[in-house]
1. Could you tell me which of rounded, prolate or oblate describes region 66-113, using a ≥ b ≥ c as the square roots of the eigenvalues of the alpha-carbon gyration tensor, with rounded for a/c under 1.5 and, failing that, prolate when a/b is larger than b/c and oblate otherwise?
2. Multiply the residue separation of residue 101 and residue 69 by 0.36 nm, subtract the distance between their alpha-carbon atoms, and state the gained length in nm to one decimal.
3. Rounded to whole Å, give me the distance from the Cα center of region 63-83 to that of region 109-151.
4. Can you pull the one-decimal nm distance between simple spin-label points at residue 123 and residue 36, each 7 Å off the Cα toward Cβ?
5. Mind giving me the nanometre distance, one decimal, between the label points for residue 62 and residue 87, set 7 Å out from Cα along Cα→Cβ?
6. Residue 52 to residue 114: extension gain in nm, 0.36 nm per residue of separation minus the Cα-Cα distance?
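Derivation of every value follows stated rules applied to the coordinates shown; laboratory data play no part. Bear in mind that the values here come from a model prediction, so they are computed numbers and not experimental data. For neighbour counting, all protein chains shown are included, and Cβ atoms are generated from backbone atoms with ideal geometry for every residue, glycine included.
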């Protein structure tokens, strides 16, 4: 009976300990200061705005953010392409002097574009994980999924 209760205790305790360790690693990862090296040479697709999945129609590209060498930034905001110089300061991110093409798009593409371009242009708290990037601005939170490694 004693062996059975020790085995039962171990079986119950192990998943709890594993979950606690995994949660601790995620918190440590989120608390780590983001560096230029964490961002450069990566491409992220926008997947959520304020926790809601985005919908992209067939006529428009999926919004994306690419950070290249020396923190050059470019991508697509939902309708128009953009470029600029990305900056990091005290856990905050922005794209300074962001330039955009000037196509007119209708419906949700334009709404997504306005939200994305405003959040990218203003200072936003940044969190980078193994699979994604989150920018939490004054008005909106953008969630990106790591798409691929850019050369």
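1. Working: a/c = 2.91, a/b = 1.99, b/c = 1.46.
Cα axes put region 66-113 in the prolate bin.
2. The span from residue 101 to residue 69 would gain 9.3 nm if fully extended.
3. Between the Cα centre of region 63-83 and that of region 109-151, the gap is 11 Å.
4. So the label points at residue 123 and residue 36 sit 1.9 nm apart.
5. So the label points at residue 62 and residue 87 sit 3.1 nm apart.
6. Numbers: separation 62, 0.36 × 62 = 22.32 nm, distance 1.59 nm.
Length gained, residue 52 through residue 114: 20.7 nm.
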